[in-house]
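This report concerns only the one structure given below.
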Ligand code: PMP
């Protein structure tokens, strides 16, 4: 605390990101990155962009990436917004589209950046509890609201809603923006992007951090009709006129276009997740059905915090949330097969 701070700073309790350890040799399964590097086309494009051209400002609208994304879904570049990771895209979404007289609705167990943005921008919100099975229920959102945001699959549960459920939510709230945060959608859920043509109130947010293996490059995007994207552009242009640096633009376009790399590594991650799920069940864990690149699991005899600490002592990092209802769970990112074997061996030893 300092007397030099603006008053709002005293009120903030920022999001605490998962640990990024500075020592090597750890099995790092705590922040849902891809265990595989990005497409070699992406690293080559970044290397090619890394030269004299860096003295020049980047292209200010991210047009090449917007065009590449738009082409995938038969959309126009004006229906795509890009930013430094979906975290930055979401920051603009919260400020530009979710701050209304009536409260924003979102699940009470979800991505914990949402309450942070609400505090930062003074957004009224109502947290809607998940049901006993950790599912989001459509009927719970039938209440007065200014906007809705849902992560699909949800985090940290990993549970996905089918596309007809998402469509029903969007159709039931024609006068509210409904944002679907699809950070993990590629690992087993269906994207709502094809619905944006039909619904002027739908915005879909996506990232290249997970299924494209580019968390370090910080690239995310949002897709929606032009009037929604225009709001995000206005916020962005009032904040930083260069959404993505030159390296990020070059790498992201190349990564996006390497469909073969993307599909192969996505399938590898899904296969490892299925193997890990069965093995954890064999060790006595309850594992929630995951459509993401992580699993959310608890053991009846061992609290999550205790297991996370025991794994850490064996140089394996997983995520534990000290929060009501989920404090007995571990969120385990899907690693390589070798990392998964180490994790399972360590858990076998810990559980005796
Ligand atoms: N949404 C959800 C649900 C997430 O879990 C994350 C990753 N922590 C993000 C968005 C942000 O990802 P990024 O900023 O790397 O695109």
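Any read-out appearing in this document is the output of simple, stated calculations on the displayed coordinates, not a laboratory observation. Everything quoted here is computed from the prediction, not taken from an experiment. Using ideal geometry, Cβ is built from the backbone for each residue, glycine included, and neighbour counts are taken over all protein chains shown.
Structural remarks
- Within a Gaussian network of the chain (alpha carbon springs, distance under 10 Å), most fluctuating of 296, 221, 239: 239
- All C-alpha to C-alpha distances of segment 284-327, sorted into 10 Å bins beginning at zero, yield P(r) values of 25, 57, 18 percent in whole numbers.
- Segment 276-318, relative contact order [Cα under 8 Å, separation at least 6], %: 23
- In units of the rule-of-thumb radius 2.2 N^0.38 Å, segment 209-269 shows an alpha carbon radius of gyration of 1.34.
- Between residue 143 and residue 54, the simple label model (points 7 Å from Cα in the Cβ direction) yields a spacing of 5.0 nm.
- When the P(r) is computed for segment 127-169, the part past 17 Å accounts for 27% of the Cα-Cα pairs.
- Cα centroid separation, segment 21-71 to segment 265-340: 27 Å.
- Note on the chain: antiparallel DSSP beta bridges, both residues inside, total approximately 50 percent of the bridges counted.
- Note that segment 218-308 shows a convex hull volume over its alpha carbon atoms of 175 Å³ per residue.
- Using alpha carbons only: equivalent-ellipsoid semi-axes of segment 297-352, gyration tensor based, whole Å: 19, 12, 9
- Residues considered: 22, 95, 257. Largest GNM mean-square fluctuation over the chain, using C-alpha springs under 10 Å, is found at 22.
- Centroid-to-centroid separation of segment 160-188 and segment 209-255 [C-alpha atoms, Å]: 21
- Candidates 223, 179, 27: whichever shows maximal mean-square fluctuation once the chain is modelled as a Gaussian network with Cα springs under 10 Å: 27
- The chain: Rg to Rh, with Rh as the Kirkwood radius over Cα pairs: 0.96
- Per-residue ellipticity at 222 nm from helix content only, as computed over the chain with -39500 (n - 2.57) for each DSSP H run of at least four residues, stands at -11500 deg cm²/dmol.
- Largest-first principal axis extents of the Cα set of segment 39-177 (Å): 55, 31, 28
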